[in-house]
Each structure stands twice: as C-alpha cells, then as structure tokens.
Amino acid sequence: MELKIEFILNNKIISVVDNPAKTLLDYIRDNEGLKGTKEGCREGDCGACTVLLGEVINNKLKYKSVNSCLYPIGNAVGKHIVTIEGLSSKSLTPIQEEFNNEGATQCGFCTPGFINSLTGYVIENNELKTDDAKSAIAGNICRCTGYASIKRASENVIAKINDLNISGSERIKSLVEEKFLPKYFLEIEEKLLRLKTSLKVKDNKSTLVGGGTDLFVQNANALLSQNISFIKKLNLSEIETRDNYCHVDAGVTIEQFKNSEIISEHFPNLPSQLNLFASQPIRNSATIGGNIVNASPIGDSTIIFLALNSDIIINSKNGKRKIKLNNFYNSYKEIDLLENEMVEKIIFELPTTSTKFNFEKVSKRTHLDIASVNSAISISTEDEIITNIFISSGGISPIPLYLKKTSQFLINKKIDSQIILEALNIAQSEISPISDIRGNVEYKRLLLNQLIKAHFIKLFPKQIDVEALL
Ligand SMILES: Cc1cc2nc3c(=O)[nH]c(=O)nc-3n(C[C@H](O)[C@H](O)[C@H](O)COP(=O)(O)OP(=O)(O)OC[C@H]3O[C@@H](n4cnc5c(N)ncnc54)[C@H](O)[C@@H]3O)c2cc1C
Ligand code: FES
Ligand code: FES
C-alpha cells in the first residue's frame with residue numbers, strides 16, 4: 001500500500017509516495033540519510049531514536065518527543081519532524097554545549113535522543129523544574145555516563161533558561177534568539193498550515209493505527225504489506241464534560257489525558273499516578289483507544305476506566321452502539337469488536353463529593369515498566385457506609401478484570417479493617433492468575449491483596465487500622 005505523504009523534516013518539505021507503515025526511523029535514516037537518529041531496541045525502550053514532532057493545535061505550534069522506531073510516517077502527515085541534524089549544524093546548541101561541558105556524552109549513541117527530549121521539554125514548558133526535566137528524559141537510556149553528568153547538564157540548561165526569563169507567548173522566538181533552536185523554526189507554523197494533511201480514513205478491511213506503540217512493537221514488518229488507516233485522521237482527540245459525564249475520544253493520548261485540566265480537577269492524584277505509564281515519548285503517542293482495544297490484561301488506562309464503570313461507544317458504517325467496558329472483554333485478547341468496527345469514545349460519570357478514586361501499580365521496576373499487577377477503585381460513601389464501589393485489577397486473569405463479586409459484597413458495608421479482610425477472600429475467589437515473567441501465581445495473589453489494602457489505607461486512613469490488616 002502506498003500513499004502520498006507530506007510532512008516537514010527539519011527545514012525540508014517532504015512530499016513522497018511511500019508506504020505509510022514505514023517507520024519514521026527507517027525513513028529518516030534510509031531515505032534521507034540522516035544517521036544522527038539512532039536505532040537501538042526498536043521497541044520504544046531505549047530512546048536512541050527520539051525525535052521531536054511539531055503540530056499546530058488550537059492555532060499554536062506545539063512540540064513533543066516521540067520514539068521514531070514505533071512511529072509510522074502515515075502518522076507524521078502534516079507534522080514537523082525534528083532530528084538532531086535539524087537542531088544544530090555549524091555550531092552546538094546551548095543544550096549540546098552543556099552535555100559536552102559536563103561529560104554527559106561518551107560514545108554518543110544516546111546523545112541525540114537526550115538532546116531532542118530535553119529540547120522538547122524547554123520548548124513546551126514556561127516554568128522549568130529539575131524533576132520535570134528528569135521525567136522528560138526518563139525514556140532515554142545511556143549505558144556509558146552513569147547519569148550524574150546528564151543530570152548536571154540538564155540542571156545547567158534549566159538554570160540558564162530560567163535566568164533568561166523567556167516569555168511564554170513568544171517562547172519559540174526567544175529560544176531561536178538564544179540559539180536553542182535554529183532560525184527556520186520561525187517559519188514552520190506557516191509552512192505547516194499550507195501542507196496537505198489528507199490521508200485515507202478507515203475502511204472495513206484496514207488495520208486501524210492509534211499511536212502504534214503496540215502494533216509496531218509486535219507487527220512492524222507485517223504492517224508494511226497490510227492495508228492500514230490512522231485514527232489521527234478521524235479527529236478523535238477531545239476530552240470534554242457533558243452534564244456529569246466525561247467524554248474521552250479514543251484518539252486522546254495518555255499524556256494528553258494525564259495533562260487534561262478536567263482530569264486533574266476531578267482526579268487530583270491521577271496525573272502523577274499516570275507517570276507510572278511508560279515514558280513520556282510513549283505516552284505522547286499511545287492512545288486511550290489503543291490501550292483498550294489491545295486488551296492486554298495489564299493495560300493501565302483500561303484498569304482505570306473499568307473502575308470508573310465506563311461505557312464505550314463503538315462505531316461502524318452501520319451505526320453506533322454503546323456497551324459497558326466490562327462487557328467488552330470475552331477471553332484473552334478476545335473482544336466484542338467486529339472487523340468493521342472501531343472504538344470511538346469512552347464515557348464515565350464524574351465523581352461527586354462523596355466519591356474517591358485511587359490507582360495502584362506494582363511492576364518489577366517502579367518506572368518505565370508494565371505492571372505485574374495493577375488495580376483501581378472508585379468508591380462512594382455516606383456516613384462511612386459504602387454506597388457504590390467498583391474495584392478493577394490487571395495481571396490476575398486473562399482479561400482486565402472488574403472484581404464484580406468483591407465490589408458487590410462491599411456495598412452497604414461500613415468501612416473497617418475486618419470487612420476489608422473478608423473482601424480479600426472474595427477477591428481471591430474471582431481471580432485466576434498465571435505464573436509468568438512478571439511473577440508467579442502466589443506473588444500475584446499476594447499483590448492483589450496488598451493493592452486492595454493500599455486503596456483503603458490511602459483513601460480512608462482514619463477508618464482503617466493498618467495493624468489489623470497485616
Ligand atoms: C516501551 C513501552 C512501554 C509501555 N508501557 C505501558 C504501560 O506502562 N502501561 C500500559 O498500559 N501500556 C504500556 N505500553 C503499551 C502501549 O503503549 C499501550 O497499550 C497504548 O495505549 C497502545 O495505544 P496505541 O495507540 O499506541 O495502540 P496501537 O498500537 O496503535 O493499537 C493497538 C491495537 O488497538 C487497535 N486500535 C487502536 N485504536 C483503536 C480504536 N480506536 N478502535 C479500534 N481499534 C483500535 C489497533 O488496531 C491495534 O490492534 C507500553 C508500550 C511500549 C512500547
Ligand atoms: S530504538 Fe529504542 S526506543 Fe526506538
Ligand atoms: S554516551 Fe554512550 S550510551 Fe550514552
């Protein structure tokens with residue numbers, strides 16, 4: 001399958017007829033001969049292939065980092081792609097200078113990825129903080145430096161830019177003046193607005209690509225010979241509230257969901273909990289719809305939406321249907337979705353003042369790892385009596401699981417440690433974990449108990465006697 005594809009690569013307009021499933025990494029290195037973007041793992045884990053992606057959103061040019069090894073050129077249509085060659089040519093940028101001064105580059109394989117991630121961070125954030133900068137480069141791995149020098153270089157960059165007192169509205173212009181970005185960045189917005197952005201939309205027989213962070217890890221080669229279409233072309237990227245409900249389009253990315261004002265207003269702890277979902281470049285690409293349809297038993301956003309008792313809207317040429325998310329999963333990777341259908345939207349009720357929410361995840365490594373077991377809870381109470389409750393968990397069954405019996409048992413119960421212990425026995429009877437690389441059966445059963453206890457200890461510290469739960 002070949003299509004006309006137009007985007008801007010550094011300072012050059014690309015207009016080619018090519019396979020939309022080709023990854024940006026391959027296009028950049030093989031077609032354009034730009035070898036600064038490195039190929040490491042090809043699985044989104046190392047960050048050596050990180051590039052910047054610019055697009056005009058609500059009349060503003062915005063940049064984010066993405067892993068080019070998992071990013072199909074079909075998704076780059078109408079965007080500005082920046083590689084390390086597009087940031088500097090004759091002289092180093094101040095960020096590169098700091099890496100050089102602090103010995104933050106040795107073999108140099110990882111360096112373009114780090115520079116791109118950090119440049120994306122300084123373009124997009126008016127208030128620069130060390131912890132946020134660390135989070136922006138957390139998806140970049142270096143096997144040489146030991147990270148202390150990279151941390152120093154990043155701190156120096158932040159201090160330098162904070163000293164310059166760069167204004168928010170004209171940030172790109174100021175960063176160009178200070179040589180963090182080359183001059184051509186000033187013309188990009190206008191050029192992007194003139195680019196053609198049309199691409200094939202979904203037909204019955206095509207594979208729908210969201211962010212590609214699952215598809216391109218598993219099937220990158222197979223996709224080259226398939227008919228594919230892109231959710232980005234369907235304008236499904238809004239989060240909005242209607243009456244007491246939140247409507248999340250399937251094309252919303254995890255990072256967009258995490259940074260949404262609606263989400264932080266109603267679920268103040270969720271944005272920081274979502275830092276446990278992959279790295280920022282993966283979250284910048286990965287969509288909510290992809291997480292749900294991928295049907296991984298440990299999908300983090302799926303577990304969150306299950307505890308929110310969400311509905312999903314499924315769309316096809318024959319019309320729309322609405323089903324409960326907890327009825328979507330039949331058995332391992334078997335879902336209630338026909339070939340000609342797609343998930344369009346997720347809808348859930350916003351919490352009232354008597355509703356509390358929590359998400360927990362345990363993985364082998366705290367950050368940048370998928371869960372061994374994860375769990376979420378949404379619980380409403382009146383005078384310490386549970387009036388409504390939804391507990392979900394992943395990694396303990398072939399499907400992402402709503403713990404129906406446990407949740408129903410807890411309704412109308414007064415919150416105390418004894419009732420939680422009784423609920424744990426019921427939870428153990430509803431699950432069927434298997435031993436795998438993320439833990440054996442006994443460990444996963446123990447984890448579920450601990451995560452349910454953690455929900456109640458965090459949400460009801462006064463009612464729960466921690467000693468009694470041991
Ligand atoms: C390095 C790395 C780390 C990761 N860490 C985590 C993690 O911590 N937690 C976690 O939960 N996941 C993690 N993932 C998995 C992945 O990022 C998520 O599952 C992501 O949400 C998938 O979304 P996507 O848009 O990239 O899906 P895609 O790869 O584009 O699609 C996945 C599947 O869904 C289908 N699809 C996509 N959108 C729709 C739609 N709207 N309607 C119908 N079908 C659709 C596709 O056809 C495909 O079958 C990680 C992945 C990588 C590579
Ligand atoms: S090559 Fe490792 S993240 Fe892309
Ligand atoms: S400098 Fe060698 S991998 Fe980072």
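Quick notes on this one:
- Test: residue in the stretch 71-90 that is more than 16 Å from ILE14 (Cα to Cα), touching a strand residue (DSSP E or B) at 6+ places or on another chain (Cβ under 8 Å) and small (Gly, Ala, Ser): no
- For the stretch 234-288, a tally of residues being away from ligand 2 (no atom under 16 Å from the Cβ), of a type in the set (A, V, I, L, M), in contact (Cβ under 8 Å) with a residue 60 or more places away in the chain and not in a helix (DSSP H, G or I) returns 3.
- Being at pLDDT below 95 and more than 10 Å from ligand 2 (Cβ to nearest atom) holds for only one residue in LYS22, LYS12, LYS60, and it is LYS60.
- Test result for SER380, touching a strand residue (DSSP E or B) at 6+ places or on another chain (Cβ under 9 Å), free of Cβ contacts under 8 Å to residues at least 40 places away in the same chain, surrounded by 17 or more Cβ atoms within 10 Å (Cβ to Cβ) and of a type outside the set (Lys, Arg): yes
- Considering the conditions (1) in contact (Cβ under 8 Å) with a residue 60 or more places away in the chain; (2) out of contact with any Lys or Arg (no Cβ under 8 Å at 6 or more places or on another chain), ASP131 is excluded by exactly one of them, (1).
- Residues in the stretch 112-170 that are within 16 Å of ligand 2 (Cβ to nearest atom) and within 17 Å of SER272 (Cα to Cα): ALA136, ILE137, ALA138, GLY139.
- Number of residues in the stretch 105-128 that are free of Cβ contacts under 8 Å to residues at least 40 places away in the same chain, part of a loop (DSSP other than H, G, I, E, B) and more than 9 Å from ligand 3 (Cβ to nearest atom) equals 3.
- THR130 vs. criteria farther than 21 Å from VAL51 by Cβ, more than 26 Å from the chain's Cα centre (by Cα), surrounded by fewer than 24 Cβ atoms within 10 Å (Cβ to Cβ) and of a type in the set (S, T, N, Q): no
- Scanning the stretch 65-85 for residues that are surrounded by fewer than 23 Cβ atoms within 10 Å (Cβ to Cβ) and either in contact with a Cys (Cβ under 8 Å, 6 or more places away or on another chain) or not in a loop (DSSP other than H, G, I, E, B) (or both) turns up just one, GLU85.
The values are calculated or read from the model by the stated rules, or taken from the named source; none is laboratory data. Computed from a prediction, not measured in an experiment: that's the story for all the values here. Every residue, glycine as well, gets a Cβ built from its backbone with ideal geometry; the counts of neighbours run over all protein chains shown.
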